[in-house]
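Have a look at the structure below, then the notes.
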Amino acid sequence: MKKLALVLGGGSSKGYAHIGVLKVLEKNGIKPDIIVGTSMGALVGGFYASGHSIKQLEEMAFKFNSLGPFSLYSTLFKENVLNVDKVKRLLDRELKDKKHEDCPIKFVSVATEINLGKEKYFDSGFVKDSVLASISIPGVFPRFKIGDNVYVDGGLLNNLPEDVAKLYMPDAVIISIDVIGEYSKQIEKIRMKTIEAIINASTLMTQTIANNKPKLADLRISISQPHVSQFDFSKETAKKSINKGEIITKKNISEIKRLLGINIEKKKNTKKVPDKTN
């Protein structure tokens, strides 16, 4: 089987679909040799690459809201709208001091180094730090500092980092997962709350950049989810998104196997042939 580089794009709660993708791949005996993730793709990819099972990923997704509601700030003069403490608690509990170097699957997290205005690829150090750097949506979550460097959401510059996968594993088959799909189909309501407007504005920017970049994946799978609100992390939303990821991946599994050089066994003809020896 050829090497597989799996690229998991950002998309807030729509990124739960990545769990469904991984679930179908695993059921078909396929595990990535490298996972490159941005934002929610980095969160899901970081957990999976570090050794968490699909069952553990689903349990975390279903219980995410039970960690406590996001803390809303009472003034617009704060640096960010939401508190990221619940995510930090989850990462501290599940990843502890796990480093990239310890992961069973090579993992690269993509963030934006905002003080220098360039992309940052994390392939070493603590996984929880690289994930936090990648999910720090500007204006929504606090900026993440490592030393003197300040990092924000990787989707700001590279929401579907196929080029990063190509850089790290040029001989691999690249399969990328876009959980946003066509932007215009994601907006359910014209009147949006402040947080929804911020998220959707960010999505429009990141998706436009992604679509204007050269397509480097051997297969880019688009999972359109207009029924999933990007900031609804409820158990019901997680189930919908994971299920959508499963459905779309099942439709593409034959092509995935072909690209990886996996023989697809055809059903044997079990129809009995009449005995004509007598």
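Some observations on this one:
- Filter pass, residue 151 being of a type outside the set (A, V, I, L, M, F, W, C), crowded, with 20+ Cβ neighbours inside 10 Å, at pLDDT 85 or above and over 23 Å from residue 241 (Cβ atoms): yes
- Across region 107-132, the number of residues qualifying as without any contact (Cβ under 8 Å) to a residue 24 or more places away in the chain and within 17 Å of the chain's Cα centre (by Cα) comes to 2.
- Any hit, region 133-143, residues being over 21 Å from residue 21 (Cβ atoms) and at pLDDT 95 or above: no
- When residue 67 is tested against (1) at pLDDT 95 or above; (2) open to solvent by less than 60 Å² (accessible area, probe 1.4 Å); (3) of a type outside the set (Ser, Thr, Tyr), exactly one condition is not met: (1).
- Filter result for residue 224 (under 15 Å from the mean Cα position of the chain (by Cα), at pLDDT 75 or above and either closer than 15 Å to residue 16 by Cβ or not in a helix (DSSP H, G or I) (or both)): yes
- When region 10-44 is filtered for residues that are over 19 Å from residue 247 (Cα atoms) and part of a helix (DSSP H, G or I), the ones remaining, listed by number, are 12, 40, 42, 43.
- Residues of region 146-162 classified as of a type in the set (Asp, Glu) and under 14 Å from residue 37 (Cβ atoms), total: 2
- Looking only at region 24-39, and only at residues there that are touching a Gly at 6+ places or on another chain (Cβ under 8 Å) and within 20 Å of residue 261 (Cα to Cα), the one that is surrounded by the fewest Cβ atoms within 10 Å (Cβ to Cβ): 24
- Taking the numbered list (1) touching a strand residue (DSSP E or B) at 6+ places or on another chain (Cβ under 7 Å); (2) open to solvent by 10 Å² or more (accessible area, probe 1.4 Å); (3) among the aliphatic types (A, V, I, L, M) in turn, residue 116 passes all entries but (1).
- If you go through region 207-261 and pick out every residue that is open to solvent by 20 Å² or more (accessible area, probe 1.4 Å) and of a type in the set (A, V, I, L, M), you end up with 7.
- Only one of the numbered conditions (1) at pLDDT 95 or above; (2) part of a helix (DSSP H, G or I); (3) under 26 Å from residue 245 (Cα atoms) is not met by residue 86, and that is (1).
The values are calculated or read from the model by the stated rules, or taken from the named source; none is laboratory data. Note that the structure is predicted; figures quoted are calculated from it, not measured. Note that each Cβ is placed from the backbone with ideal geometry, even for glycine, and that neighbours are counted across all protein chains shown. Only protein heavy atoms, including side chains, enter the accessible area calculation; ligands, DNA and RNA are left aside. Shrake-Rupley method; radii C 1.70, N 1.55, O 1.52, S 1.80 Å.
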